[in-house]
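Asker: Please find one structure pasted underneath; my questions will follow.
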Amino acid sequence: MAGKIFINYRRGDDAGFTQALYLRLEAEFGADNLFMDVEGHIKPGDDFVRVLDAQVAASDIVLAIIGPRWTDLMAKR
């Protein structure tokens, strides 16, 4: 049985790559085992932070997708 996978990424970096990764993982593990915010898992009116906290806590794997702008953004901080 597959564990739950949480996918985290910066929308400004490479959302297309992350979407392709999501679709590949969905084909392998099923949509019920994946969480990504743009896939309709967070409904209007939901407490965004509370949903994310609960989903991370329920996940066996957290994928943090780091795009090409990540190092530039971190250097500015």
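The values are calculated or read from the model by the stated rules, or taken from the named source; none is laboratory data. Note that this is a predicted model, so its numbers are computed, not measured. Methodologically, a virtual Cβ is constructed for each residue, glycine included, from the backbone with ideal geometry; neighbour enumeration extends over all protein chains shown. Accessible surface areas use protein heavy atoms only, side chains included; no ligands, DNA or RNA. Shrake-Rupley method; radii C 1.70, N 1.55, O 1.52, S 1.80 Å.
Asker: Condition first: farther than 19 Å from Q19 by Cα and not basic (K, R). Now tell me which residues in region 30-55 satisfy that.
Answerer: P44, G45, D46, D47, F48, V49, V51, D53, A54
Asker: List the pairs whose first member sits in region 42-62 and is in contact (Cβ under 8 Å) with a residue 40 or more places away in the chain, whose second member is open to solvent by less than 60 Å² (accessible area, probe 1.4 Å) and of a type in the set (S, T, Y), and whose Cβ atoms are under 6 Å apart, counting only residues at least 6 apart or on separate chains?
Answerer: none
Asker: A further question on this structure: I'd like to verify a number: residues in region 35-58 that are of a type in the set (V, I, T), exposed (fewer than 13 other Cβ atoms within 10 Å of the Cβ) and assigned to a loop (DSSP other than H, G, I, E, B), how many?
Answerer: Residues that pass the stated criteria total 0.
Asker: Specify which of the listed residues (I61, I65) is in contact with a strand residue (DSSP E or B) (Cβ under 8 Å, 6 or more places away or on another chain), of a type in the set (A, V, I, L, M) and loosely packed, with under 15 Cβ neighbours inside 10 Å.
Answerer: I61
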